[in-house]
Each structure stands twice: as structure tokens, then as C-alpha cells.
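Provided herewith is a single structure, encoded as C-alpha cells, for subsequent inquiry.
Just so it is clear, none of the values below were taken in a lab; they were calculated from the coordinates. What you see is a predicted model; the values in this text were computed from it and never measured. Please note: Cβ atoms are built from the backbone with ideal geometry, for glycine as well, and neighbour counts cover all protein chains shown.
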Amino acid sequence: MRIQSMMAMSANFLHKKRAGDVIRNLKVQTFQGRRVLVTGGSGFVGIHLGRALHLLGAKVTLFDKAKPLEDYDPDIKVVQGDIRDREVLEKLCEGVDCVFHIASYGMSGREMLKSSEFIESINVGGTENIIEACIKENVTRLVYTSTHNVVFAGQDIDNGDETLPLLPLSAHKDDYSRSKSMAEQLAMKSNGRQTKDGSLLNICVIRPVAIYGAGEQRHFPRIVKNMEQGLLCMKIGGSHIKVPWVHVDNLVNGHILAAEGLSRHKEHIAAGQVYFIADKAPVNQFEFLRPLITGLGYHYPSLVVPVWFMYIIAFLTEWLHTILKPVIDFQPLMTRTELFQVAVTHHFSIEKARKQLGYEPEERDLTDMVQYFLERGHRKKSSSIGTFLVTLLLGVLFVMLLMSLLPLVG
């Protein structure tokens, strides 16, 4: 009993330490004593959002297929289940005032190359399930987490805003982006629907950009692994390329303010609206990563390769993955969609979120991430010239193999 009590106190301390700064400057009134549900609640964004909502006085339930990645307050309820199970969702929505729908699949890496039917069943089918559960159980607020990819598929975008049209579904290079666009449209069409008791379901959409922060699990572990394998030895494209990032603290703030904007207290100003949520300014991808690269003891790359060359590599890697998937489900070095995120200028205005929601991003950097990886033993190890040569040789052989396959693809 004493050990359990000490663990609970430790979890509570870490919870308050991680979440306290997030909500320090927020002025919200509609969560104290209210029940909220976060789907995808065990993931990186979900657990941060759940902790912050709990500190605002909400009664929080986190729903996810997996167990939480990080610590959380013992008062937060965690339920494991499948977003495709509507009956479970209906039970979870009983008595809930606000739902944050974050759950999705296929954002990066090998997940992106799963079957389109599987990805769509979660991203579109799961969204339909949560909307119908809200209607049946009289939930009045739903914040849907979309992605900036619904308007971006490799074209230059300079300070784009929410008036940008959704891309045609056929324009997307991956099923995640395509299915997220379908789900966003479903959410927007469902705004204002009447619930079972005659109330209205108010829905808004958040479009995050690339997310960072200590403990992020999708992008940065792969980046660090590439460093350790000697694969982050070059930059892609010129220094003029600017891309957007958002710290998880800022993204959590954006979600909470959006939900507040759906309330009667704010005259439902956010209902039926879409908001880009990002940090204050876009940055060059490799300059953004410089503190992490050097902080872990690696040399900042000086070699620059053209975008077109990496596009060929990414395209052939996807093709090779499709061919070999029944035998080896390997992690692609980079997909075309991931290449676009790095090597094509695209960034978005946050003025709408500022004006309507009062969103103001906090200044953040990679300091906490460097410490996070160092504490877990991720620092440059002493290496011999032999290791370098082996890595170089394998890289050359891989490129030669992919290039030899190019005529077969065409």
C-alpha cells in the first residue's frame, strides 16, 4: 500500500510539473467539474492534453487502444479499446460535456504504407463513430484534430490561412492525408446537428503542423536512430526552405481554447470553424534540428542533396516496401509525404486562432528534447573508420539498387 501511495505521489508530481506550464496563461471557465473524453488519449498529444484538462478541474477519461506512454494523475481514468467500436464509444460519452477526438492511424513511417481500407476504417470510420456517439449521448462540444496535410501535398504554401481549399482526394500521395481530409469534411458537415435531447453538437477542427517536445514518439526517435546509423549526414534542399513546427504545449493550448470557443460562454464562436495551430514562425528543418544534432555529439551536416534526387529515393523506397512487405516489413528511410514536410516550403498563419480563440504560442526550443535523449543514452559513441566505411558502402549499394529498379517502375 505504501509503495502504491509513493508511486501515485510521484506520478502526480510529474504530472503537475509537465502540465502546469501549459495552462498557466490560459483563461478558460468551462472545464471545472465537467466530464471530458480524449480519444487517442494514451499518445503523446493525448496524455499532455489529459493532464492539462485535469489541472483545469475536468474529470478526464483517456481512451486508446494502447496503454499511456507517460505518467498521469491517478484521478484520470484510462480505458483501452478500439475507436471502431461504436458501442464502447457510446458508453464513454455518457454524461460527457466535451470530446477531443485525436485518435488516428498512418501518420508516418511504415504505418503510412498500411492498406487504405485499414487506415480509412480508423480515421474516417472512427470519426463517424465518435460523432454518432456524441449525438446519441447529448455531447455538445467536439474538437476534431485534423492535419495541415488536408491542404498540403508538396506545393509551396507561404503563410497560408484557413481559406485555402481542401485538396482533391486524388492529389494526396498517402492514405493518411486522404482519409484525414475525408474525416475533416465529415466533422464539418456534422456541426450543428441536433442531439437526442434536442441540444446542438458544436464542432470545430484543429489543424496541427509537425509536433515536437520531450517524449514525442513518431518523428524524433527515427531522426535520432538515423543519426546513430550515420544516415543523417546530409541536408535536403537549400536553407531557404521553411517549414512549420508546433510544440506540444502550444498544441494543447490550442485544443483547450478551441473547446472553450465552442461553449455558450464564448457564444460558440468556434463552431464550424477550422484553425491552424503552430509556433510563431516557420524554420528551416535542418537549422531547427541543429541543437539536437550537436547536443547529442554529432556533426551538423554540410552536404546538400537536391530534392528531386531524394524524391526518386522516396518513391522507390515506397515501391520496394510494397514488393517486400509480405516478407520484410522494413521501416522506410523516408516516404514522399515525409520528404515534402522537410523539403518544400509550407507554413500557415495563426492569426485566426489568435483573434477568435486568444491563442498565443509560448516560446519553445529543443532543449528538453536533447536532455530527454541524453538521459536515455542517446549520444554519439566513439566509432572507427571501419564503421564509417561500412555505413558508406551500404548506403551506396542501397542507392545503386534503387536506381537500377527505376526503369522497372517507369
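Which of the peptides 191-199, 98-106 is most tightly packed, and how do the rest follow, judged by the mean count of other Cβ atoms within 10 Å per residue?
Answer by packing, highest mean first, reads 98-106, 191-199.
Hey, what number do you get for the chain at 222 nm if only DSSP H runs of n ≥ 4 count, each worth -39500 (n - 2.57), divided across all residues, to the nearest 500?
-13500 deg cm²/dmol
Another question, if that's okay. If you plug each phi of segment 309-318 into the Karplus form 6.51 cos²θ - 1.76 cosθ + 1.60 with θ = phi - 60°, what whole-Hz ³J(HN,Hα) values come out, in order, with x for Gly and Pro?
Using θ = phi - 60°, the values come out as 5, 5, 5, 4, 4, 5, 4, 5, 5, 4 Hz.
List the residues, sorted by chain then number, that are 5 or more residues from Gly237 or on another chain and whose placed amide H is less than 5 Å from its amide H.
Val305, Val307
Taking 22 Å as R0, compute the FRET efficiency from the Cβ-Cβ separation of Lys381 and Tyr300 and round it to 0.05.
After rounding to 0.05, the efficiency reads 0.75.
Here's a follow-up. Along segment 144-155, what does the Karplus equation 6.51 cos²θ - 1.76 cosθ + 1.60 (θ = phi - 60°) give for ³J(HN,Hα), rounded to whole Hz, x for Gly and Pro?
These are the phi-based 3J(HN,Hα) values: 9, 8, 9, 7, 5, 5, 5, 10, 10, 9, x, 8 Hz.
Using Cα pairs under 8 angstrom and six or more residues apart, how large is the relative contact order of segment 147-204, in percent?
Dividing the mean separation by the residue count of segment 147-204 yields 26 percent.
Test of understanding: ordering Val60, Val344 by Cβ neighbours within 10 Å, fewest first, what list do you get?
Ordered from fewest to most neighbouring Cβ atoms within 10 Å, Val60, Val344 come out as Val344, Val60.
List every residue whose amide H lies under 5 Å from the amide H of Asn202, counting only residues 5 or more places away in sequence or on a different chain, with H placed 1.01 Å from N in the peptide plane.
Close amide H contacts, sequence-distant or interchain: Arg141, Leu142, Gly192.
Now for a separate question. Using the Cα centre of the chain as origin and beta-carbon charges of +1 (Lys, Arg) and -1 (Asp, Glu), tell me which of Gly46, Pro68, Ser116 is placed farthest towards the positive end of the dipole.
Ranked along the dipole, the leading option is Pro68.
Can you figure out the FRET efficiency of Glu362 with Ser239, using R₀ = 25 Å and their beta-carbon distance, to the nearest 0.05?
So the FRET efficiency works out to roughly 0.45.
While we're looking at this one, here's another question. Calculate the length of the line joining the C-alpha centroid of segment 333-355 to that of segment 200-236, in whole Å.
Taking the Cα centre of segment 200-236 as reference, the centre of segment 333-355 is 12 Å away.
Another question, if that's okay. Tell me, what HN-Hα J-couplings in whole Hz come from the Karplus equation 6.51 cos²θ - 1.76 cosθ + 1.60 at θ = phi - 60° for each residue of segment 171-184, using x for Gly and Pro?
7, 6, 8, 9, 6, 4, 4, 4, 6, 5, 5, 4, 5, 4
Which FRET efficiency, nearest 0.05, do Glu351 and Leu324 yield, Cβ-Cβ r, R0 51 Å?
With a Förster radius of 51 Å, E is 0.65.
For Thr317, Thr39, what's the fewest-to-most ordering of other Cβ within 10 Å of each Cβ?
Thr317, Thr39
Around Asn284, which amide H atoms from residues at least 5 apart in sequence, or from another chain, sit under 5 Å from its own amide H, with H modelled in the peptide plane?
The list, which skips near neighbours in sequence, is Val243.
Oh, and also: Give, in nm to one decimal, the length gained when the segment between Arg84 and Lys114 is fully stretched (0.36 nm per residue of separation minus the Cα-Cα distance).
Once the chain is fully extended between Arg84 and Lys114, it gains 9.1 nm.
Choose one answer from Val252, Val45, Val304: the residue with the largest mean-square fluctuation in a GNM of the chain with alpha-carbon springs under 10 Å.
The residue that fluctuates most here is Val304.
Moving to a separate point now. Arranged from highest to lowest average of other beta-carbon atoms within 10 Å per residue, in what order do the peptides 206-216, 70-80 appear?
So the peptides 206-216, 70-80, ranked by packing, come out 206-216, 70-80.
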